[in-house]
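As structure tokens, the structure follows; a few thoughts come after it.
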Amino acid sequence: MVHWTDQERHAITTLWAKVNVEEVGAQALVRLLVVYPWTQRYFASFGNISNAAAIAGNAKVHAHGKTVLKSVGDAIAHMDDLSHAFTKLSKFHSETLHVDPDNFKHFGDCLSIVLAATFGTAYTPDVHAAWQKMIAVIISALSKQYH
Amino acid sequence: MVHWTDEERDIIKTFWGKIDAEEAGHQALTRVLVVYPWTQRYFSTFGNLSKPSAIAGNPKVRAHGKRVVVALGDAIKNLDNVKATYAKLSELHSEKLHVDPENFRLLGEALIIVLAGQFGAAFTPAVQATWQKLLAVVTAALSSKYH
């Protein structure tokens, strides 16, 4: 089980309370598709994702970004038992979606960057460290059912 | 040889012109030491690194951060020949400093977060992609003399 200090819980939940899930989710997913273009292979049904502008304007990308960020919210609500809470989601990514788990890290990096861009100086080194840990725990839980 | 598009060269030069090397370097190195605490092993002569506020206030961290980002300027001035530009620096990191090259990647990630925090929405996905490419080229060049 992951050990969280009070400072880490506070940093994570306080920032989360200010996150616009739709906006941050969309921005993170747009960045993933632009910065790591091979990830576009998972979104062939999304229509036009042929360049950065198309990706940024794509309604399906926005909607899916929101879905993913909502799951990050679920993760935070279950931060003391995430491996268990994310069992189904992990199996889904492995057995149905066939997502290479390396991409979880790329998405996590993009999320951290969007948080930095959104919150500026409020995304202090300790807040950044707490979120980096949260993201690592999410990645671990999502990867757990892969075989 | 690395191929740079005109757009990438433009993005790099434009943003470089707006970066304060001392401030960006200080913030990036502070984040490395806070978010990836094992890196503190390389800085045992720097005095008090016992907690984030100590690290952020440490003048040796600030001075060293500045030095690192000023050196990044050399790569930016020689985009078509980063490997040769950094040959001696690579040898120094390998043979004298014994820095695990993984840490170059961590510093690159920290710098991206600092830039995102500083520039906010102006740090677009395309700008992020360009800077990640630059830092990947720098990391490769710094690693090239390792044996």
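Details
- Chain A - mean residue ellipticity at 222 nm from DSSP helices (-39,500 (n - 2.57) per run, n ≥ 4, rounded to 500): -21000 deg cm²/dmol
- Summed over both chains, the contact between A and B buries some 1600 Å² of accessible surface at a probe radius of 1.4 Å.
- Whole-angstrom gap from region A:73-103 to region A:1-66, using each part's C-alpha centre: 15
- Note on the protein assembly as shown: Rg/Rh from Cα positions, Kirkwood definition for Rh, rounded to two decimals, is 0.96.
- Computed from Cα atoms alone, the Kirkwood hydrodynamic radius reported for region B:4-147 is 15.6 Å.
- Taking the three principal axes of the alpha carbon atoms in region B:64-147, the coordinate ranges are 40, 24, 20 Å, sorted in descending order.
- Dimensionless Rg ratio for region B:17-81, taking C-alpha atoms and the 2.2 N^0.38 Å reference: 1.19
- Chain A: DSSP helices with Cα axial extent of at least 18 Å and average Kyte-Doolittle hydropathy no lower than 0.0: A:21-35, A:59-77, A:102-119, A:125-143
- Contact with the other protein chains removes 40 Å² or more of accessible area, compared with the isolated chain and a 1.4 Å probe, from these residues of region B:14-37: B:Arg31, B:Val35.
- Rg over Rh [alpha-carbon atoms, Kirkwood Rh] for region A:1-113: 0.98
- Here the dipole of the protein assembly as shown is about 240 debye; that uses its Cα centre as origin and unit charges on the Cβ of Lys and Arg (positive) and Asp and Glu (negative).
- More than 17 angstrom apart: percent of Cα pairs within region A:56-145: 53
- Legend: residues B:Lys13, B:Lys88, sorted from most to least accessible area (1.4 Å probe; ligands, DNA and RNA excluded), read B:Lys88, B:Lys13.
- Probe 1.4 Å - accessible area at B:Phe46, Å² to nearest ten: 40
- Restraint check, A:Lys18/A:Lys66; A:Lys91/A:Lys144; A:Lys105/B:Lys13; B:Lys96/B:Lys133, Cα-Cα greater than 18 Å: A:Lys105/B:Lys13; B:Lys96/B:Lys133
- Straight-line reach from A:Lys70: taking Cα to Cα under 18 Å and skipping same-chain neighbours fewer than 8 places apart, the aspartates and glutamates in range are A:Glu22, A:Glu23, A:Asp80, A:Asp81, A:Asp109.
The values are calculated or read from the model by the stated rules, or taken from the named source; none is laboratory data. No experiment lies behind these values; they were computed from the predicted model shown. Methodologically, a virtual Cβ is constructed for each residue, glycine included, from the backbone with ideal geometry; neighbour enumeration extends over all protein chains shown. Only protein heavy atoms, including side chains, enter the accessible area calculation; ligands, DNA and RNA are left aside. Shrake-Rupley method; radii C 1.70, N 1.55, O 1.52, S 1.80 Å.
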